[in-house]
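This report refers to the structure that appears directly beneath it.
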Amino acid sequence: MVDILNAIIPAALFFSAPLIFTALGGVFSERSGVVNIGLEGLMVMGAFVGIVFNLTFAETLGPWTPWLSMLVAMIVSGLFAIIHAIATVSLRADHVVSGIAINFLALGLGVFLTKQWYEKGQTDMISKPFYTKTIPLLSDIPVIGTIFFKGVYLTSYIAIILAFVAWYILYKTPFGLRLRAVGEHPMAADTNGINVYRMRYIAVIISGMLGGLGGSVFAMTIALNFSATTIAGQGFMALAAVIFGKWHPIGAMGAALFFGFAQSLSVISSGVPILADVPQVYLSIAPYVLTVLALAGFIGRAEAPKALGDPYIKGTR
Amino acid sequence: MISNRLFNIIVPFASVFIGLIAGAIIMLIYGYSPIEGYKALWNGAFGDAYFLGETIRQVTPYIFTGLAVAFAFRAGLFNIGAEGQVFAGWLAAVWIGTSFDLPIFIHLPLAIIVAALAGAAIAFIPGLLKARLGVHEVIVTIMFNYIVLFSVNSIIRNVLTDSADKTEKIAPTASLQSEWLQGLTDYSRMHFGIVLALLAVFVMWFIMEKTTIGYEIRSVGYNRHASEYAGMKVSKNIILAMVISGAFAGLAGSMEGLGTFGNMSIQSGFTNLGFDGIAVALLGANRAIGVVFAAILFGALKVGALNMPTDAGVPSELVDVIIAFIIFFVASSYLIRLIILRFQKGEK
Amino acid sequence: MDYVIEMLDIRKEFPGVVANNNITLQVKKGEIHALLGENGAGKSTLMNVLFGLYQPERGEIKIKGEKVHITNPNIANDLGIGMVHQHFMLVEPFTVTQNIILGSEPKKGIKIDLRKAEKEVQELSDRYGLRVDPRAKIRDISVGMQQRVEILKMLYRGADVLIFDEPTAVLTPQEIDELIEIMQSLVKEGKSIILITHKLKEIMQTCDRCTVIRKGEGIGTVNVADTTVDELAALMVGRAVSFKTEKTEANPQEVVLEVENLHVNDTRNIPTVKGLNLEVRANEIVGIAGVDGNGQTELIEAIAGLRKVESGSISLNGKPITKLSPRKVTEMGLGHIPQDRQKMGLVLDFPVSENIILQSYYKEPYSKHKLLKYEKIDQYAKKIVDEYDVRTPSIHTKTSALSGGNQQKVIIGREVDRSPDFLIAAQPTRGLDVGAIEFIHKKLIEERDNGKAVLLVSFELDEILNVSDRIVVLFDGKIVADVKPSETDEQQLGLLMAGSVEERVGEET
């Protein structure tokens, strides 16, 4: 049993981290009322920037390379998300359509520039990815230590901590109260002197940063290079986690962990006796089927922010 | 004041124009000549019989997915699931095409109809969830895209073949391919599907504008409460619209299975036919005839793009960037409205 | 005399329309000042100018004698102007306190100091006698309470001038009385109040002065003590208005609609209509008086087949319709002017012609074998547009482009022209100007005179008293009284609507 957990849990954490980051981004955006189907594209941008920066500066930056790559990916994706904010918030574009355009644009630009700079369809493998760490002291705890703290990625723990930070921000601070108010009843927020447009821009930019973080972590722990198929559906899976987690940061983290767990099962199933007989396809589609079931109300009702997807037009009442 | 109808025509043209300008700017930044680039694009789409044939081949499924998205849109539904419905139709068509031995006048229609049914079946579930439980169709259809993707791959590997990456070729009796059309277009992969696509355009226009079915669907799309008040069965109409939409997408899949490829391979990701269909529908203002023009544009861009690396050295992905910009600007039509208003004020 | 607010000679244009012209509004400290005008007269525009949502083309605004430029609502807030909106600006899943502090939260470190905020809200609530629970969630408290939260929001921000936008529309008579008390205690504490309304009696009852606007023009300001209801009405409409609708005595015939022991639940599945009995006869208009939320919507929807009946029965012309679909009920002789014309009565994006056939598109001659016959549809649409005086550029114009009155005429034409035996008119004149109101009342009475049964549901007691031949009072899902308009008055109806028991009717009259 311990052996099985020892195989599954680090793998689940490994697959979950990018999903957690990105799903948290989705929570911020959607809580402010902006639908973000573009999470996929934001992850693509993060993966692309992370890999390119890593390849370019690996020599000069040494062991700091992946961390700085992550930071830069975060910033660039945050800036990139402004396009989504302009379209949805200022220009009243349909949020879903704009999100789809973000996905097209990120992938198109990423591959275009890859071909431009590397003269082929994918980049080289990075030489400075994130490595697994064994956390001193904690890993010495019997049983738990080996399962949770040996051979794990620090990024997984950062993701989990960040979920709690996001919860604190959204539910305990004035900023969070305002952000949620804007997503529920923007006009009420406006009459209270809150700048609805500004809040939504900030939320979308945060979602871009977190999406970029997720994409770059995926690229630098799992994929290790960038091509058109590096990010293939992780963004949509993160979106599913947002909804499965009922638009709550901790819920989204839980959902992302669970989806990561399902993914890890489909990877390591051959090594686990009970799972070896389960056809792979069931594990692959599990996250999506579960999300549909959750939406249908079979697993608790998921209630979206009230003004989700509505443009806010000042002065109409 | 500018009339609404005129505005609806200006928006797509302006969006395409701005999209192409954006593409030109990117080419300039990376040291390409936009004129050379677009010339390569044009030649790659229409330059000779072969390219023309390939463009028409690409336009065919675009018309179908464009109709699929547009039809659902008119009922107030956003079918992002065309992607998965395409795969379902593709698989179904190939399945029928490979596993029966029938005369052509039964085999081909059967394969096409089953493809439509497969797409419809996939779209039925989100339609049902929307109609009965009010679950938002956008998320459900996205989830179904992945469910279908993995399931289709599993079926190809485990049911249709013995762990192979692709199915056998379909029987000639189920094929839309035509040596005559291929000969005419210098051996492009053009097939008879385009005829079906144009027929489908007429069908959508006729249902929407001329029948009480279309009247109900439009009514439900605009105002569910008023439709219910007027005695229409809202749930039935939502499900019907999704099913018809899914059938169009399934037909797009059959174009790939019976026309372009003649088989189906394991798919690592999506073909984007469904997502591009959203752009086609949007640019075509969700009207049947608009979809035709938009499909021609996107088909030409996609096929023409393949000629850009050889003729002008420009990576073909530039076209994806251009398409993304076009979608942004169509969706942000408010911007174009503002510009027109500013322009008119200036005139005064 | 010192004015706290002066809006002088304000003009505001929108493309193609002058929404405000020559309007002067001067509010004294410590008064309740009415802003009177018909729906669409420009009251909201003027207040939005004051609130900084719009910039006027001409005119100036002075606060306590000093000229100011209010370019956004925050400036208005800083100047001590607060607005209690007609549609409450409250975030439903938030608590009372969270709603009140939103935008100016007290902090402890980076965290909201919720405890301090709750204490402050409690203190404010106590001081003005508002009795609000700071920790309650908005979605769990009554409409009257929600309005008090809105008031607290303004007080928390230190507003000196409070604008109330049609505040009584959603309240019970008791809540209205309490609101008036609250407003008076606010004025006593030195606040000033602007009351936006088109209800003349409220003005007579509560206000010190009244500024009238009509069709965007400023008409003038009068002292309420020196004027009468009739005079105010004439100022508002521009001509003498008789509030009595001309009609002959009713002569009720056989029962057309019969409702017996009806039970219906609302959208949240809470019992709302609880054992209701009702009869409407041919040649009779029955008015349902009652405060919004006492089961009106559920009753209408149950009759129309739009909502499931839990138990009891409904019959039309002696035939049961309890379990029939909306279409079947319509075909059996129901005409229905729904209470929300834009949400339910019309497909706003359809052209006028397609809205006119909304109930009959599936029947010949408008369609045959599921094919629409546009020629016949257009012919019929033209006929309705002419007969019901719908002002529209064309029958192919989008219905959303029409004014509220003309939209309502499209619905009335569609419903009445089918000549249904039983007509439901739910709030048929809400938000319309006096001309349209008169037209609609006339049509309802005409239908009655043609031998039809009419059920009128309205939250305006004036309308109920004027148009009905018989009034039933709906309270808590039951009919609690059945009276003749000539034998009752607003005060008595008000008491009944508030649930004072049935027996008292006899004692008091």
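The values are calculated or read from the model by the stated rules, or taken from the named source; none is laboratory data. As the structure is a prediction and not an experimental result, all values here were calculated from the model. Glycine gets a Cβ as well: all are built from the backbone with ideal geometry, and neighbour counts include every protein chain shown.
Numbers below:
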| quantity | calculated |
| --- | --- |
| Tally, over region A:158-194, of residues that are touching a Leu at 6+ places or on another chain (Cβ under 9 Å), among the aromatic types (Phe, Trp, Tyr) and in contact (Cβ under 8 Å) with a residue 40 or more places away in the chain | 0 |
| Filter pass, B:Ile35 being under 27 Å from B:Ala171 (Cα atoms) and either out of contact with any Phe, Trp or Tyr (no Cβ under 9 Å at 6 or more places or on another chain) or outside any loop (DSSP other than H, G, I, E, B) (or both) | no |
| C:Ala381 vs. criteria modelled with pLDDT under 95 and among the aliphatic types (A, V, I, L, M) | no |
| Wholly enclosed strands (runs of 3 or more DSSP E) of region C:224-303 bearing at least 1 residues of a type in the set (Gly, Ala, Ser) and surrounded by 17 or more Cβ atoms within 10 Å (Cβ to Cβ) | C:284-289 |
| Candidate set from region C:339-353 (those that are surrounded by fewer than 23 Cβ atoms within 10 Å (Cβ to Cβ) and farther than 28 Å from C:Glu460 by Cα); member that is farthest from the other protein chains (Cβ to nearest Cβ) | C:Pro351 |
| Matching helices (runs of 4 or more DSSP H) fully within region C:18-121 where at least 1 residues are modelled with pLDDT of 95 or more, within 14 Å of chain A (Cβ to nearest Cβ) and buried (at least 19 other Cβ atoms within 10 Å of the Cβ) | C:96-101 |
| Conditions (1) touching a helix residue (DSSP H, G or I) at 6+ places or on another chain (Cβ under 7 Å); (2) in contact (Cβ under 8 Å) with a residue 60 or more places away in the chain; number of the one not met by C:Arg307 | (2) |
| All helices (runs of 4 or more DSSP H) inside region A:1-91 with 2 or more residues being closer than 27 Å to A:Glu119 by Cβ and among the aromatic types (Phe, Trp, Tyr) | A:39-61 |
| Checking A:Lys120 against (1) facing chain B (nearest Cβ under 8 Å); (2) without any contact (Cβ under 8 Å) to a residue 12 or more places away in the chain, the condition it does not meet | (1) |
| Selection count, region C:134-147, where residues are under 18 Å from C:His85 (Cβ atoms) and more than 19 Å from the chain's Cα centre (by Cα) | 3 |
| Those residues of region A:225-258 which are touching a Pro at 6+ places or on another chain (Cβ under 7 Å) and surrounded by fewer than 24 Cβ atoms within 10 Å (Cβ to Cβ), in sequence order | A:Trp247 |
| First in region A:224-236 and away from chain B (no Cβ under 11 Å) and without any contact (Cβ under 8 Å) to a residue 24 or more places away in the chain, second anywhere and of a type outside the set (D, E, K, R) and assigned to a loop (DSSP other than H, G, I, E, B), Cβ under 8 Å, 6 or more apart | none |
| Test: residue in region A:128-143 that is of a type in the set (Val, Ile, Thr), over 22 Å from A:Thr65 (Cα atoms) and more than 14 Å from chain B (Cβ to nearest Cβ) | yes |
| Helices (runs of 4 or more DSSP H) wholly inside region B:192-308 that include at least 2 residues being surrounded by 24 or more Cβ atoms within 10 Å (Cβ to Cβ) and within 14 Å of chain C (Cβ to nearest Cβ) | B:212-222, B:224-229 |
| Hey, B:Ile80 under 26 Å from B:Gly269 (Cβ atoms), free of Cβ contacts under 8 Å to residues at least 60 places away in the same chain, out of contact with any Lys or Arg (no Cβ under 9 Å at 6 or more places or on another chain) and within 14 Å of chain A (Cβ to nearest Cβ) or not | no |
| All positions within region A:176-200 that are farther than 12 Å from A:Tyr312 by Cβ and more than 8 Å from every other protein chain (Cβ to nearest Cβ) | A:Gly176, A:Leu179 |
| Qualifying residue in region A:75-97 (condition: on the phi > 0 side of the Ramachandran plot, more than 8 Å from chain B (Cβ to nearest Cβ) and of a type outside the set (Ser, Thr, Tyr)) | no |
| Members of region C:315-338 found to be facing chain B (nearest Cβ under 10 Å), of a type in the set (Ser, Thr, Tyr) and either surrounded by fewer than 22 Cβ atoms within 10 Å (Cβ to Cβ) or assigned to a loop (DSSP other than H, G, I, E, B) (or both), listed by number | C:Ser325 |
| Complete set of residues in region A:65-86 that are of a type in the set (Val, Ile, Thr), in contact (Cβ under 8 Å) with a residue 12 or more places away in the chain and surrounded by fewer than 21 Cβ atoms within 10 Å (Cβ to Cβ) | A:Val72, A:Ile75, A:Ile82 |
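Matching residues to (1) modelled with pLDDT under 95; (2) buried (at least 16 other Cβ atoms within 10 Å of the Cβ); (3) under 26 Å from A:Val96 (Cα atoms); (4) at the interface with another protein chain (Cβ under 10 Å from one of its Cβ atoms):
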| residue | (1), (2), (3), (4) |
| --- | --- |
| B:Val314 | yes, yes, no, yes |
| B:Ser332 | yes, yes, yes, yes |
| B:Leu338 | yes, no, yes, yes |
| B:Leu341 | yes, no, no, yes |
| B:Glu347 | yes, no, no, no |
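For every residue, the table says whether it meets (1) assigned to a helix (DSSP H, G or I); (2) over 23 Å from C:Leu402 (Cβ atoms); (3) within 21 Å of the chain's Cα centre (by Cα).
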residue: C:Arg430; (1), (2), (3): no, no, yes
residue: C:Ala436; (1), (2), (3): yes, no, yes
residue: C:Lys443; (1), (2), (3): yes, no, yes
residue: C:Glu446; (1), (2), (3): yes, no, no
residue: C:Leu456; (1), (2), (3): no, yes, yes
